[in-house]
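See structure below.
The values are calculated or read from the model by the stated rules, or taken from the named source; none is laboratory data. Being a predicted model, the structure only gives us computed values, none of them experimental. Positions of Cβ are backbone-derived with ideal geometry, glycine not excepted, and every protein chain shown enters the neighbour counts.
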Amino acid sequence: MSAILRLFWTFLKIGLFSIGGGYAIIPLIREQVVANSGWISSKMFTDIITISQMTPGPLAVNTSTFVGLQVGGIAGAVAATVGCVLCGIVICLLLHRFFQRHQSSIYVFEVLNGLKSASLGLIVSAAATIVLTALWEAQPVPISDAFSLLNGTALAIFSVALLVLRRWKPNPMLVMLASGVAGLLLYS
């Protein structure tokens, strides 16, 4: 199977199982493109997530586009993006029709509540993946070596950014820009 077709198929599966949106799907994308396929490194994946958050558009779509671009160039970006959104479009059209017919059903309401809970768990998992990858470059980190493998520079930038956001509540884009500049200066 060609790389472009594999990208399309992988992101079609990701798009099919992406309940909960962008942050909830990060662990699934990471598993497919880093762990299973080995297309990109864990560090590259974290960089792609960071760039995807700063560019306009949905996180999952941006991530699929950037991964596709890394793996297969422009054709890979198109294949991954189309694969990621195709199932969502079809499912949305079918769900719209279903909800029009079952607007007042208590069973449908309860199923949606269950899906909300599952999405929250996936979002927490995505946040943990990003923080762990940023603070510990070695994956997985043995508990006995966790402190010695901690990236102090990344922890300092994270802590200062979190403090600034919580205390003074500036525009998050400014904090991201300042963090990027700090990273450029401290890691160069």
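One line per residue, one yes/no per condition, for (1) among the hydroxyl-bearing types (Ser, Thr, Tyr); (2) surrounded by 10 or more Cβ atoms within 10 Å (Cβ to Cβ); (3) in the same structural domain as THR46 (by TED's automatic domain parsing); (4) out of contact with any strand residue (DSSP E or B) (no Cβ under 9 Å at 6 or more places or on another chain):
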{"site": "LEU132", "(1), (2), (3), (4)": "no, yes, yes, yes"}
{"site": "TRP136", "(1), (2), (3), (4)": "no, yes, yes, no"}
{"site": "PRO140", "(1), (2), (3), (4)": "no, no, yes, yes"}
{"site": "LEU155", "(1), (2), (3), (4)": "no, yes, no, yes"}
{"site": "SER159", "(1), (2), (3), (4)": "yes, yes, no, yes"}
{"site": "LEU162", "(1), (2), (3), (4)": "no, yes, no, yes"}
{"site": "LEU165", "(1), (2), (3), (4)": "no, yes, no, yes"}
{"site": "TRP168", "(1), (2), (3), (4)": "no, no, no, yes"}
{"site": "ASN171", "(1), (2), (3), (4)": "no, no, no, yes"}
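Among the residues of segment 74-97, count how many are surrounded by 12 or more Cβ atoms within 10 Å (Cβ to Cβ) and of a type outside the set (Ser, Thr, Tyr).
15
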Any idea which residue in segment 158-188 is nearest to SER52 (Cα to Cα), counting only those that are aromatic (Phe, Trp, Tyr) and either at pLDDT 95 or above or out of contact with any Leu (no Cβ under 9 Å at 6 or more places or on another chain) (or both)?
TYR187
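If I go through segment 29-45 residue by residue, how many of them are surrounded by 20 or more Cβ atoms within 10 Å (Cβ to Cβ) and in contact (Cβ under 8 Å) with a residue 60 or more places away in the chain?
Residues that pass the stated criteria total 2.
Here's the yes/no breakdown for (1) in contact with a Lys or Arg (Cβ under 8 Å, 6 or more places away or on another chain); (2) at pLDDT below 90:
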position: LYS13; (1), (2): no, no
position: TYR23; (1), (2): no, yes
position: ARG30; (1), (2): no, no
position: SER37; (1), (2): yes, no
position: SER41; (1), (2): no, no
position: ILE48; (1), (2): no, no
position: ARG97; (1), (2): no, no
Test each condition in (1) surrounded by 10 or more Cβ atoms within 10 Å (Cβ to Cβ); (2) modelled with pLDDT of 90 or more for ILE106 and report the one that comes out false.
(1)
